[in-house]
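Below is one structure, written out as structure tokens; comments come after it.
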Amino acid sequence: MDSIDLKILALLQKDATLSIAAIGEQVGLSQTPCWKRIQRLEADGVIDRRVAVLDPVKLGLGLTVFVSIETADHSKDWLEQFAGRISAMPEVLEFYRMAGDVDYMLRVVVADMAAYDTFYKNLIATLPLKNVTSRFAMEKVKSTTALPLPAPPPRGRAEPRLAVVGE
């Protein structure tokens, strides 16, 4: 991946609806080579998918909850069952297996406390859990889907830096 690929990725992370012509113009390529690079980045799995980012509050989903889960069972079978059941819950936007004092962390989005209570009751009915702790977000201070992209080092320097659109 070179600096042009990184610039393309930075642009697409900011606005995936940009036309190929607009992206090519900003990175110094004509449409065909720009499109071929984007296709290669998709084929290589660097671009996972293109989606619309929705506003949860405008959709009536104003409560975000971070749920920490501890379990007494750490077997492969238990994890497969648990992962399957949690992954099927549409309220769960993110699901992580953790290191440290908790085993799993979920990011859950629901309409309100009553909806969370329903979710919670479904969660604890999935499989035996040792402990479930819920933390309620009061305010979203920062939210982004854009990853920090590494840039090739400037000439004569070996230190990595972040890519900036327009460089």
Could you list, in sequence order, all residues of the stretch 1-38 that are in contact with a Pro (Cβ under 8 Å, 6 or more places away or on another chain), more than 26 Å from Leu54 (Cα to Cα) and in contact (Cβ under 8 Å) with a residue 24 or more places away in the chain? Asp2, Ser3
Is it the case that some residue within the stretch 99-106 is surrounded by fewer than 17 Cβ atoms within 10 Å (Cβ to Cβ) and hydroxyl-bearing (Ser, Thr, Tyr)? no
May I ask you to list pairs of residues, at least six apart or on different chains, whose Cβ atoms are under 7 Å apart, with the first in the stretch 104-117 being touching a residue at least 60 places away in the same chain (Cβ under 8 Å) and of a type in the set (D, E, K, R) and the second being surrounded by 15 or more Cβ atoms within 10 Å (Cβ to Cβ) and in a strand (DSSP E or B)? none
So which residues in the stretch 126-142 are modelled with pLDDT of 95 or more and open to solvent by less than 100 Å² (accessible area, probe 1.4 Å)? Leu129, Asn131, Val132, Thr133, Ser134, Phe136, Ala137
Hey, can you tell me all the residues within the stretch 51-98 that are open to solvent by less than 50 Å² (accessible area, probe 1.4 Å), within 30 Å of Asp15 (Cβ to Cβ) and out of contact with any strand residue (DSSP E or B) (no Cβ under 8 Å at 6 or more places or on another chain)? Gly60
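The values are calculated or read from the model by the stated rules, or taken from the named source; none is laboratory data. Just so it is clear, the model here is predicted, and its values are computed rather than measured. Using ideal geometry, Cβ is built from the backbone for each residue, glycine included, and neighbour counts are taken over all protein chains shown. Surface accessibility is based on the protein's heavy atoms, side chains included, excluding ligands, DNA and RNA. Shrake-Rupley method; radii C 1.70, N 1.55, O 1.52, S 1.80 Å.
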